[in-house]
Amino acid sequence: MKDNYKAAPVFEKFGLDFCCKGNQNFNDACKEGGIEPSSVIKELKQVNNDKDESVDFDAWPLDILVDYIRKRHHAYVEEKTPIIKSYLDKIESVHGANHPELKQVRDIFFEIGGELTVHMKKEELMLFPFIKRIQHAKDTRTVASSPLFVSVEKPIDMMMDDHAVEGEKFRKIATLANQYQLPADACNTYAVTYQLLKEYEEDLHLHIHLENNILFPKAIALEKEMK
């Protein structure tokens, strides 16, 4: 997964968590999800055949990757969160009597929105600037200024804990929403809301993958190298 980002849709299709549980053994993950490993491997092989078209994020300098995450994924969360909140309010007020799960979906998403806002600010104000400084120090062969924390590993551990919590909450939303399958009485707003939720979850998975599996391990390794 780390080597070929285009594999993400395959894991999404089979319901395999490649971000928060990205270190889990492939066969164990398939067994846990009741999935035949050969079916996943078959589709992954097709992705590998198209690998030249994929983006190799693992080859990017850390400062470039940080900027990409902030401009692409953080901006996405900031843009879509209020929109989805508004839609959830609407469909819960109209369809809540027949679909009580909507209130739970709404409440959990509101929690996620608030928590992600705080989480991203911590990254943007503390963690990301230091990662960019150590990359700059390597590039210029200078010494990076001391951070407010003893090691980059401590804030990274905190960020990864947050990722695990938000990932689990979104799994609850997907379960409550029947994997975003629309009920028979769904209106257009209902359909749009579920589509937005699905896209939001997919973006969050990719967002977490870039940080947990690429940015954070490389930042830890670079800090050790610079010391």
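Quick note: the coordinates plus some simple rules give every number you see, no bench work behind them. It should be emphasised that the depicted structure is a prediction, and the values quoted were computed from it without experimental measurement. With ideal geometry, Cβ positions are generated from the backbone for all residues, glycine too; neighbour counts draw on all protein chains shown.
The table that follows gives values for the structure above.
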| read-out | value |
| --- | --- |
| Two-site label geometry, K227 and N25: point separation in nm, points 7 Å out along Cα→Cβ | 3.2 |
| Proxy reagent accessibility, fewest Cβ within 10 Å first, across D162, D67 | D67, D162 |
| Gain on full stretching of the segment that runs from T142 to N178 - 0.36 nm per residue minus C-alpha separation | 7.6 nm |
| From the coordinates shown, Rg and Dmax of the Cα atoms in Å corresponds to which of (i) 16.2, 53; (ii) 17.4, 54; (iii) 19.3, 63 | (iii) |
| Order of Y87, Y180 under a 10 Å beta carbon neighbour criterion, fewest first | Y180, Y87 |
| Inter-label distance for F110 and V55, nm, one decimal - labels placed 7 Å from Cα along Cα-to-Cβ | 3.4 |
| Computed [θ] at 222 nm, deg cm²/dmol, the chain (DSSP H ≥ 4; -39,500 (n - 2.57); rounded to nearest 500) | -21000 deg cm²/dmol |
| Net charge of Cβ neighbours under 9 Å - reference I69; Lys, Arg +1; Asp, Glu -1 | 0 |
| Spin-label pair E168/E124, simplified geometry with 7 Å Cα→Cβ offset, distance in nm | 2.7 |
| Anchor K31: lysines whose Cα lies under 21 Å away (excluding residues fewer than 8 positions away in-chain) | K13, K21, K42, K45, K172 |
| Charge dipole of the chain about the Cα centre (unit charges at C-beta), most positive-ward option of I220, F170, A186 | I220 |
